[in-house]
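One structure is given here, and the rest of the page talks about it.
The values are calculated or read from the model by the stated rules, or taken from the named source; none is laboratory data. As the structure is a computational prediction, the values presented were derived from the model and not from experiment. Here the Cβ positions follow ideal geometry from the backbone for every residue, glycine too, while neighbour counts run over all protein chains shown.
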Amino acid sequence: MSLAEHQARLAEDGFTIVEDAFPLAFADALLADLARLERETGEGGGKNFFEGFSTVRIYNLLARGKLYEEIPVHDTVLALVEGCIGKSPLVSSVSSIAIGPGEGAQPLHADDQLIPLPKPHVSIICNTMWALTDFTADNGATRIVPGSHRAPANPELGRDYATRAAVMRRGSILVFDGSVWHGGGANGTESRRVGIAMNYCAGWMRQQENQQLGIPLEVARGFAPKLRKLAGFGLYRNLIGHIDKCSPVDLLDGTAPRRVVGE
Ligand SMILES: O=C(O)CCC(=O)C(=O)O
C-alpha cells in the first residue's frame, strides 16, 4: 500500500497496518534484548486489569540500549505520524508489551482519554505497535473499534463493542490514532504475543514518559539529531520547550547556548 493509501485508511478507520515494515532479524534482536531486560529487571506480570496480570511491560526503552534508538525514527511511520498529529512530533513513550498465555482482554480505551478536551478533537496522539511475534486473533492481537476516533466520547469502561483484531505478521507495524478505541486481546495460546508500543504525541504537549529525566543525559548525548528532537531535546516552532530562548540541545551538548528567534 502507498503512503497516501495508509494515510487515507488512518483517517477513515483510525488505524492502518504497515506490513513487513522492519527486518525479522531486527525483531529477533529485540526479542533477545527484551529477554535480557526481563531477567535483569525482574519485571513480572502487571497488577491490574488495565496492564493485565500475565502481561510483562518494560518501560523507558530508549534508556535501556542502543538497539531501541532505531525504533522512533522509522521513515514510513514518522511520515504517517506527522500526517496524523502534525510536524515535529515527540516520542511519548517506548515500551514493550508481552501478553502471556491465559491473559484476558484489556478493557477498551482511547490513548488520549486522560486529556480533558471535548471529543472529537484534532489528532494529538498517534501510536504504533511493532509486531515482534505474529499477532493473531487468538494470541492477543490489538482489538480496534474502526472509526471510533470520530466518536464524541471515550468507550464505557468494561463495555463490549464490536472490534476488529489487528492481525499482522511479525515485522509489521500497526499505526493508530490516539482517539481510536482499542485494547490488547486475550491470549488463548501457549505462547506470548510480543510488541513494542512506540507512541508519539504532538510536539506541543506533555510526553507520557518524562524523556528528559528518564533518559540519562550521557545516553541522550549519543542520540542522532533526529532522535534528540523527537525525545524532546529540541523546540517546537522555535519556542515551546526553550530555556532562556535557547534550545535544550545546547545544554545537552554543553555548547555555548545559541538564542533562537520565536515565530
Ligand atoms: O497490547 C496491546 O495490543 C495494546 C495495549 C494498549 O492499548 C495499552 O496498554 O494502552
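Output the residue which, of all residues in region 177-190 that are within 12 Å of the ligand (Cβ to nearest atom) and either in contact with a Gly (Cβ under 6 Å, 6 or more places away or on another chain) or at pLDDT below 95 (or both), is nearest to residue 59 (Cα to Cα).
So in region 177-190, the residues within 12 Å of the ligand (Cβ to nearest atom) come out as 178, 180-187.
Next, from what is left, pick out any that are either in contact with a Gly (Cβ under 6 Å, 6 or more places away or on another chain) or at pLDDT below 95 (or both): 180, 184-187.
Working: 180: 22, 184: 17, 185: 20, 186: 21, 187: 21 Å.
Ranking the candidates gives 184 first.
Only residues that are hydrophobic (A, V, I, L, M, F, W, C) and in contact (Cβ under 8 Å) with a residue 40 or more places away in the chain: list them for region 68-87, please.
Of all residues in region 68-87, those hydrophobic (A, V, I, L, M, F, W, C) come to 71, 73, 77-81, 84-85.
71, 73, 77, 79, 80, 81, 84, 85, listed by residue number.
What pairs can you find where one residue is in region 95-111 and under 26 Å from residue 214 (Cα atoms), the other is near the ligand (Cβ under 9 Å from one of its atoms) and of a type in the set (D, E, K, R), and their Cβ atoms are less than 8 Å apart, with a gap of 6+ or different chains?
95/57; 96/57; 97/57; 98/57; 98/193; 99/193
Among what's in region 79-110 and is within 12 Å of the ligand (Cβ to nearest atom) and hydroxyl-bearing (Ser, Thr, Tyr), pick the residue that is farthest from the chain's Cα centre (by Cα).
The first filter runs over region 79-110 and keeps only residues within 12 Å of the ligand (Cβ to nearest atom), leaving 92-93, 95-100, 103, 105-110.
Right, trim to hydroxyl-bearing (Ser, Thr, Tyr) and you get 92-93, 95-96.
Numbers: 92: 7, 93: 6, 95: 8, 96: 10 Å.
Among those that are within 12 Å of the ligand (Cβ to nearest atom) and hydroxyl-bearing (Ser, Thr, Tyr), it is 96.
Working only within region 187-208, note down all residues that are crowded, with 18+ Cβ neighbours inside 10 Å and of a type in the set (A, V, I, L, M).
194, 196, 197, 198, 202
With 159, 193, 150, 170 as the choices, which residue is charged (D, E, K, R), within 18 Å of the chain's Cα centre (by Cα) and away from the ligand (no atom under 13 Å from the Cβ)? Outline the logic, then answer.
Details: 159 fails: within 18 Å of the chain's Cα centre (by Cα); 193 fails: away from the ligand (no atom under 13 Å from the Cβ); 150 fails: within 18 Å of the chain's Cα centre (by Cα).
The match here is 170.
If you check 28, 33, 20, which single one turns out to be surrounded by 15 or more Cβ atoms within 10 Å (Cβ to Cβ) and acidic (Asp, Glu)?
Values: 28 fails: surrounded by 15 or more Cβ atoms within 10 Å (Cβ to Cβ); 20 fails: surrounded by 15 or more Cβ atoms within 10 Å (Cβ to Cβ).
That would be 33, the only listed residue that is surrounded by 15 or more Cβ atoms within 10 Å (Cβ to Cβ) and acidic (Asp, Glu).
Taking residue 113 as the residue in question, decide whether it is out of contact with any strand residue (DSSP E or B) (no Cβ under 6 Å at 6 or more places or on another chain) and either over 16 Å from residue 226 (Cα atoms) or more than 12 Å from the ligand (Cβ to nearest atom) (or both).
Numbers: out of contact with any strand residue (DSSP E or B) (no Cβ under 6 Å at 6 or more places or on another chain): yes; either over 16 Å from residue 226 (Cα atoms) or more than 12 Å from the ligand (Cβ to nearest atom) (or both): yes.
So residue 113 passes the test.
Residue 120 passes all but one of (1) of a type outside the set (Lys, Arg); (2) assigned to a strand (DSSP E or B); (3) surrounded by fewer than 24 Cβ atoms within 10 Å (Cβ to Cβ); which number fails?
The one condition residue 120 does not meet is (2).
Looking at region 178-224, which of its residues are closer than 22 Å to residue 239 by Cβ, touching a residue at least 12 places away in the same chain (Cβ under 8 Å), outside any loop (DSSP other than H, G, I, E, B) and not aromatic (Phe, Trp, Tyr)?
If the condition is that a residue be closer than 22 Å to residue 239 by Cβ, touching a residue at least 12 places away in the same chain (Cβ under 8 Å), outside any loop (DSSP other than H, G, I, E, B) and not aromatic (Phe, Trp, Tyr), then 201, 211, 212, 220 are the ones that fit.
Could you give every pair whose Cβ atoms fall below 6 Å, whose first residue belongs to region 230-254 and is crowded, with 20+ Cβ neighbours inside 10 Å, and whose second residue is β-branched (Val, Ile, Thr) and at pLDDT 90 or above, counting only separations of at least 6 or pairs across chains?
Partner pairs satisfying both residue conditions: 230/91; 231/91; 233/249; 234/249.
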